[in-house]
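The values are calculated or read from the model by the stated rules, or taken from the named source; none is laboratory data. The shown structure was predicted, so the numbers you read here are calculated from the model rather than taken from an experiment. Quick reminder, even Gly has a Cβ in these numbers, built from the backbone with ideal geometry, and neighbours come from all protein chains shown.
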Amino acid sequence: MAGQIIEQYRIISTKQLIKAIKDVDNNSERFCFILGSGASVSSGIPAGGDLERKWMEEMERDPGLAEVYATAAKLQADNLLDHEFNEIEEAWQEAKKAGTALSSEYYFDLYKLRFFPNHRNGYHYLEKIMTNAKPSFGYHPLALMLTEAGGNNLVITTNFDSLVEDALFMYTDSKPLVINHELLADFAGDPNIKRPIIAKVHRGIFFDPLNRPEEINELKGKWHDVLVSVFQSYTPIVIGYGGGDNSLMELLLDENVKMKNGIYWCYVEEYGLPSEKIQALVQKKKGHLVCTAGFDAVMLAIGNAMFADKIGVHETEQYLNDRTNTQIENYEKEYKRLTEYEEKINTASAGKEDTQSNNEFKQEIEKIENRGTASENEREQANQMTAWDYWRQGNRYSGSKDYASAVECYTNAIIKQPGTAVFYNNRGVVYGDLNKHQEAISDYNKAIELNPSYELAYYNRGTNYNDLGEYERAINDFNKAIELNPDNESAYNNRGVTYNNLGEYEKAINDYNKTIELKPNLAIAYSNRGEVYNNLGKYEKAIADCNKAIELDPDVEAAYGNRGDAHNALGKYEKAIADYNKAIELDPQYRKAYLNRAKVYRLLGKEEQASADEATAAKL
């Protein structure tokens, strides 16, 4: 255990560090994190000291210390080791007696000796350890710090692992800039980059990492100059780093490297103060040692202080569930879309009369779909269906318009797993299809209660409010969906429908314009804008929009209905009737088309046809 040479007032608690972070955050100043191997231990990656012990034990067994001494002598003669092996071996024997770890200063020499003569084996050894490691708890608050705490978006690390980037992919929607090689070092100092930056000064595990003394005796490439500049803008918080290398540590020790607000160096109370070299460094930089219980503990404290509403078990479970649910939904939609497209292509190429080929293709599609549900069927037979089994089953029933069975399946999913927002959302969709709008809204309310950022639930609830004529509520929900996803063309389109219903035509047109900007090939948006142009008396514009809609999708019945209305207003009655005929052909339940065709028939003196259309509309 190192003796204390640093002033007592420079040793602070984790609470005091958090206060400094929050105070600096309010002043728009920035922190960066320097992570060493100690930050990876709880993720299953051994710390440097553990690897040193393991390597010494392995070398004692094979090839034996006598052989290691001989190898060390050869390497020492060529100045390829920083320490004589007898010094390392004496320290090892003392560490074994005391039950402590070897000093981190021996790590790189031991690496070279352990994997002599083929150091590529050392690379594969470390790769195997790190590849399957999962981020421990502390990486969740760290990911939030990098994405949601102002400009605190930089991690500098001597580690090769991918724990930080894995945590960002898992817990946030931000894609990090990972600097795995010194050739990219300039990006670490770019103040215009707002997304998280992970600077790996010894390279990443897949980029031939630097792990031998001669490789890490100084920072490679532009790292030195870039980091000197970085420390002018960022205040470093060091966690899990023992300073065993001669590259980053030498930079930190350099008296010419200025740190605007000092440095915070975290150490684990259980193991005592860090080395006197580290204490002297912190003292010279006018920084502080921070007494902690380890990486996960200090990050938990930071998380509770700054992101208490996001790092709780329930909140995190809900976030991960909703994210997974969305991925599953999108996957299933895309799978269905591609399958249907493939079926159309094959049907068209085979010819309508080639019934046998079409049937064979359909059988193949069924086989593909059945592969994905085989285990589900087995669980159903064993009465061991999971909530997700019921959810997938409900999706299939909904797709085939067996709404009663779909509701039953979604209800079973909710009974088994009541805290999953997507189950309520999907049942709400089916209730909407059944025109049970109040039940649908109730389900969307629950989905939003479970996940206040559930964009799709706001959008779906808005469509139901629109159907009920509760237009202000509908607009509020579409606004929220757009706030959560400004590229949600469906929310703009449906908000346009609501504004049209309210007679706010200019707002409706603005929304349809935005919809078309986001998705230029969305036929229904042109048709809807055409309807608004009809309401404004701009019939030629209405016809142009409906023509575009029909060009994009000849099966949009509303486009024919709206174009029929424009032709009717212009006195082009035969064209109007032709369009209403097509609209009704596409949708025999299209009540408005019957009513408007009846009006044209009456204008033409065709009372019998007009009465027949009005009777049909009355039934509908």
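Structure notes:
- Yes/no for ILE516 being β-branched (Val, Ile, Thr), in the same structural domain as LYS541 (by TED's automatic domain parsing), in contact (Cβ under 8 Å) with a residue 24 or more places away in the chain and in a helix (DSSP H, G or I): no
- When every residue of segment 57-79 is checked against the conditions, none turns out to be within 21 Å of LEU248 (Cβ to Cβ) and of a type outside the set (Lys, Arg).
- Considering segment 561-620, the qualifying helices (runs of 4 or more DSSP H), each wholly inside and each with 1 or more residues that are farther than 23 Å from GLY537 by Cα, run over 573-586, 607-619.
- For segment 486-513, filtering for residues that are modelled with pLDDT of 95 or more, of a type in the set (Asp, Glu) and part of a helix (DSSP H, G or I) leaves 2.
- Among the residues of segment 205-223, those that are buried (at least 19 other Cβ atoms within 10 Å of the Cβ) and either modelled with pLDDT of 85 or more or over 29 Å from ASN132 (Cα atoms) (or both) comprise LEU219, TRP223.
Here's the yes/no breakdown for (1) more than 25 Å from LEU552 (Cβ to Cβ); (2) among the hydrophobic types (A, V, I, L, M, F, W, C); (3) surrounded by fewer than 16 Cβ atoms within 10 Å (Cβ to Cβ):
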{"residue": "LEU434", "(1), (2), (3)": "yes, yes, yes"}
{"residue": "SER453", "(1), (2), (3)": "yes, no, yes"}
{"residue": "ASP487", "(1), (2), (3)": "no, no, yes"}
{"residue": "ASN493", "(1), (2), (3)": "no, no, no"}
{"residue": "GLY503", "(1), (2), (3)": "yes, no, yes"}
{"residue": "ALA523", "(1), (2), (3)": "no, yes, no"}
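- You will find that of TYR267, TYR341, the residue that is more than 22 Å from the chain's Cα centre (by Cα), of a type in the set (Phe, Trp, Tyr) and at pLDDT 80 or above is TYR267 and no other.
- Residue count, segment 469-485 (criterion: surrounded by fewer than 19 Cβ atoms within 10 Å (Cβ to Cβ), under 23 Å from the mean Cα position of the chain (by Cα) and not in a loop (DSSP other than H, G, I, E, B)): 3
- GLY419 meets each of the listed conditions (1) under 22 Å from HIS314 (Cβ atoms); (2) free of Cβ contacts under 8 Å to residues at least 40 places away in the same chain; (3) assigned to a loop (DSSP other than H, G, I, E, B) apart from (2).
- Selection count where residues are under 21 Å from GLU276 (Cα atoms), of a type outside the set (Gly, Ala, Ser) and within 48 Å of the chain's Cα centre (by Cα), scope segment 70-93: 4
- Qualifying residue in segment 541-548 (condition: surrounded by fewer than 20 Cβ atoms within 10 Å (Cβ to Cβ), out of contact with any Phe, Trp or Tyr (no Cβ under 6 Å at 6 or more places or on another chain) and either farther than 22 Å from ALA508 by Cα or of a type in the set (A, V, I, L, M, F, W, C) (or both)): yes
- Residue check for LYS310: more than 25 Å from TYR139 (Cβ to Cβ) and assigned to a helix (DSSP H, G or I): no
- Here is the figure for segment 389-428: residues that are closer than 16 Å to ILE328 by Cβ and hydroxyl-bearing (Ser, Thr, Tyr) total 5.
- Tally of residues being surrounded by 21 or more Cβ atoms within 10 Å (Cβ to Cβ), part of a loop (DSSP other than H, G, I, E, B) and over 22 Å from the mean Cα position of the chain (by Cα) across segment 181-204: 2
- Test: residue in segment 12-33 that is exposed (fewer than 15 other Cβ atoms within 10 Å of the Cβ), within 28 Å of the chain's Cα centre (by Cα) and small (Gly, Ala, Ser): yes
- Extreme residue, surrounded by the most Cβ atoms within 10 Å (Cβ to Cβ), among residues of segment 64-96 that are within 16 Å of HIS119 (Cβ to Cβ) and free of Cβ contacts under 8 Å to residues at least 60 places away in the same chain: ALA72
- Among all residues of segment 37-45, there is none that is farther than 20 Å from VAL268 by Cβ, at pLDDT 90 or above and touching a strand residue (DSSP E or B) at 6+ places or on another chain (Cβ under 7 Å).
- Residues that are touching a residue at least 60 places away in the same chain (Cβ under 8 Å), in contact with a strand residue (DSSP E or B) (Cβ under 8 Å, 6 or more places away or on another chain), aromatic (Phe, Trp, Tyr) and not in a loop (DSSP other than H, G, I, E, B) do not occur anywhere in segment 265-284.
- Scanning segment 286-311 for residues that are buried (at least 16 other Cβ atoms within 10 Å of the Cβ) and over 38 Å from the mean Cα position of the chain (by Cα) turns up nothing.
To keep it simple, each residue is scored yes or no on (1) modelled with pLDDT under 95; (2) aliphatic (A, V, I, L, M); (3) more than 26 Å from TYR512 (Cα to Cα); (4) buried (at least 22 other Cβ atoms within 10 Å of the Cβ).
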residue	(1), (2), (3), (4)
ASN568	yes, no, no, yes
GLU614	yes, no, yes, no
ALA617	yes, yes, yes, no
LEU620	yes, yes, yes, no
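- When segment 263-284 is filtered for residues that are of a type outside the set (A, V, I, L, M, F, W, C) and either surrounded by 21 or more Cβ atoms within 10 Å (Cβ to Cβ) or touching a His at 6+ places or on another chain (Cβ under 7 Å) (or both), the ones remaining, listed by number, are TYR264, TYR267, PRO274, GLN279.
- Candidates are the residues of segment 163-178 that are hydroxyl-bearing (Ser, Thr, Tyr) and surrounded by fewer than 22 Cβ atoms within 10 Å (Cβ to Cβ); the one that is nearest to the chain's Cα centre (by Cα) is THR172.
- Evaluated against (1) at pLDDT 90 or above; (2) buried (at least 20 other Cβ atoms within 10 Å of the Cβ), LEU251 falls short on exactly one condition, (2).
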